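Data first, discussion second: the structure below is written as structure tokens.
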Amino acid sequence: MKLNHDEIQENLDTRHKHLILGAGFVGLGMAQALKQADIPYDQIDASDQIGGNWYHGVYQTAHIISSRKITQFSNFPMPDHYPDFPSAKNMLDYLHNFAEHFDLRPHIELNRKVTYVRPIENNLWEVTFANEEQRIYKGVLLCNGHHWCKRFPEFEGTFNGEIIHSKDYKRPEQLKGKRVLVIGSGNSGCDVAAESARVGAKCMMSMRQSPWFIPKSFAGVPVVDLIKWWMPEWLQRLIIYSIIRLTFGTHQSYGLPEPKYRIFDRHPTLNNEVPYYIKHGRITPKPAVRRLNGWEVEFEDGSTEEFDLIVCATGFHLAYPFLPPELQRVEGSLVKCYGQVFLEDYKGLYYIGWGQVRGGVGSLISAFAPVFVRYLQLQEKINVPLGLVLKELGQKLPKTHLFDPHQMFLELKLNDVFFDFLVKKAHRVDAQHSQFSNEPLAPLSSVQETDSAKEVASGDDNKLKVSAGCRV
Ligand SMILES: Cc1cc2nc3c(=O)[nH]c(=O)nc-3n(C[C@H](O)[C@H](O)[C@H](O)COP(=O)(O)OP(=O)(O)OC[C@H]3O[C@@H](n4cnc5c(N)ncnc54)[C@H](O)[C@@H]3O)c2cc1C
């Protein structure tokens, strides 16, 4: 009699399972793919609910900027009554329904914070939890998200009011009646500024340089849905540029300088409200901050203004504070791994979902997860890490964290088509490195000792500072 996935999982030693770290959008999508392929796994999340960002990370009034069509999982459409740009609540409800529909809950443990993951003997992984429990797994899928380790600007001077990060902004009441300065012109910055324009006493937006404000929809269609897979990037740029000009006109007409970068060279800002409120005098654009002085902020153009609240919408560091320093392969905003997932020198550790894709998360995970499952099954059959195979195939480490979703869909399709070739290559590389084994790394206690010693010795070691500042 063939056992089903749940029966196989029951009583199986964790050494024969993978751990999915995180039960946000990405972790849930990966869990569904593993379950469908009958790959045994456990899933944990530090939070008391599933949903990740859509539960505990975004403000009450957030709506997605990518459309419903490209943000939903391809095998689980969002309900028909959802709007083109669902709200944070819609997103959270959707993820709960996804977990119910695919019966993912029995394998999810909540309130389970991982504090350390390290390679041990026999190519296994030791996972330590906040309550000091330890388990051994065959591999770990890192789906811990990249919108939680707050990046703050460094200010000169002191400020009498409150300074918060956009991550700490949850409800419009926090802005009500206040003189608000928003720093940053990304998507969160624009949302907070628009809300301040509605409920605050005044709102200014400090931008080091103006972004391309891309309208969320054009002629009634979400702009992201107007871009098709067959369009080369130059054509996508031209279309977006034309839409911007037709919708908003020039930057000069808003008192803003032209952006100094090409559309898509930064993560796009999709927002209609900031240009609208600038035209209504409810948002005033300002250059970068020079210094703080009591209630006053001085800007680079020499002007000064008083504020009660500064909201730093200045983004996030990418961080894996629960990994030994040797495996924190982060450089700026990217992880140095092959195929955006695999290491060349360790097998069983997978960095998933760290890229900034200018699309919706669901459709991409739906395309990625089945390909990843095939890789995982291949990894079971070979001794060398898949990253080494990809490297030997001529793949390069990523140079950017910004990804074109259509390019990624194409690459995933090609991966599927040429998978047999990859398998042959993998066995050849494997034969050349038949003695390969993960090098075990030190337990947490000895890393903490070295860490604090190093932090004292080299105060400017950014990796240490980021991981120290972003302990989970
Ligand atoms: C304001 C805002 C708007 C956005 N708009 C869009 C949009 O329009 N479209 C879109 O596609 N995406 C959008 N995003 C991106 C959003 O992050 C993704 O949609 C999605 O939430 C990413 O899922 P994830 O699983 O990678 O990360 P998360 O949702 O952050 O989930 C990660 C999970 O890992 C858990 N975790 C982390 N560390 C540990 C640990 N040590 N131990 C145990 N558990 C841990 C966390 O508790 C969390 O539940 C937006 C993000 C923000 C902040």
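Coordinate-derived values only; no laboratory data. What you see is a predicted model, and the numbers here were worked out from it, not measured in a lab. Don't worry about glycine lacking a Cβ; one is built from the backbone with ideal geometry, like all the others, and counts go over all protein chains shown.
Subtract the Cα-Cα distance of Glu306 and Arg291 from 0.36 nm times their separation in residues, and report this length gain in nm to one decimal.
Numbers: separation 15, 0.36 × 15 = 5.40 nm, distance 1.22 nm.
Additional length available on full extension: 4.2 nm.
Restricting the GluC sites (Glu not before Pro) of the range 138-206 to loop positions (DSSP other than H, G, I, E, B) with no more than 13 neighbouring Cβ atoms within 10 Å leaves Glu154, Glu156.
For Lys216, the lysines whose Cα falls under 17 Å of its own Cα, not counting residues fewer than eight places away in the same chain, are Lys69, Lys228.
Here the range 123-169 is treated with +1 on each Lys and Arg Cβ and -1 on each Asp and Glu Cβ, and its dipole about the Cα centre works out to around 300 debye.
The residues packed around Pro440, meaning those with a beta-carbon under 12 Å from its beta-carbon, carry a net charge of -3 if Lys and Arg are +1 and Asp and Glu are -1. For Gln435 and Asn131, the FRET efficiency from 1/(1 + (r/R0)^6), where r spans their Cβ atoms and R0 equals 51 Å, is about 0.85. What's the angle, to the nearest 10 degrees (0 to 90), between helix 187-199's Cα axis and the longest principal axis of the chain? In the chain, helix 187-199 runs at an angle near 40 degrees to the longest axis.
What does the net charge come to around Gln395 if you take all other residues with beta carbon closer than 14 Å to its beta carbon, with K and R at +1 and D and E at -1? Local charge sum for Gln395: +2. What you get for the range 51-203, charging only the Cβ of Lys and Arg (+1) and of Asp and Glu (-1), is a dipole of about 400 debye around the Cα centre. Cross-link partners of Lys286 among lysines, defined as those whose alpha carbon lies under 23 angstrom from its own and excluding same-chain residues fewer than eight positions apart: Lys150, Lys167, Lys176, Lys178, Lys202, Lys260. Candidates Met205, Phe307, Thr158 compared by Cα position along the dipole of the range 152-314: farthest toward the positive end lies Met205, with charges placed on Cβ. Other residues with beta-carbon under 10 Å from the beta-carbon of Leu270 carry, at +1 per Lys or Arg and -1 per Asp or Glu, a net charge of +2. Helix 233-248 and the longest principal axis of the Cα set of the chain meet at an angle near 30°.
Just how large is the dipole of the chain about the Cα centre, in debye to the nearest 20, putting +1 at every Lys and Arg Cβ and -1 at every Asp and Glu Cβ? Show your work: numbers first, answer last.
Details: 53 positive and 54 negative charges, 253 e Å.
So the dipole magnitude of the chain works out to roughly 1220 debye.
Principal-axis analysis of the Cα atoms of the chain puts helix 25-36 at an angle of about 30° to the longest axis. Taking the charge dipole of the chain about its Cα centre, with +1 at Lys and Arg Cβ atoms and -1 at Asp and Glu Cβ atoms, the residue from His251, Cys149, Ala62 reaching farthest to the positive side is His251. Derived scalar couplings between HN and Hα for the range 118-131 equal 9, x, 10, 4, 6, 6, 9, 10, 9, 10, 10, 9, 4, 8 Hz in order, rounded to whole Hz, by the Karplus curve 6.51 cos²θ - 1.76 cosθ + 1.60 (θ = phi - 60°), x for Gly and Pro. Distances between every pair of Cα atoms in the chain, grouped in 10 Å steps from 0 to the bin holding the largest one, split as 4, 18, 28, 26, 16, 7, 1, 0 percent. A dipole drawn for the chain from +1 and -1 charges on Cβ atoms has a positive end, and of Phe436, Pro172, Pro325 the residue lying farthest that way is Pro172.
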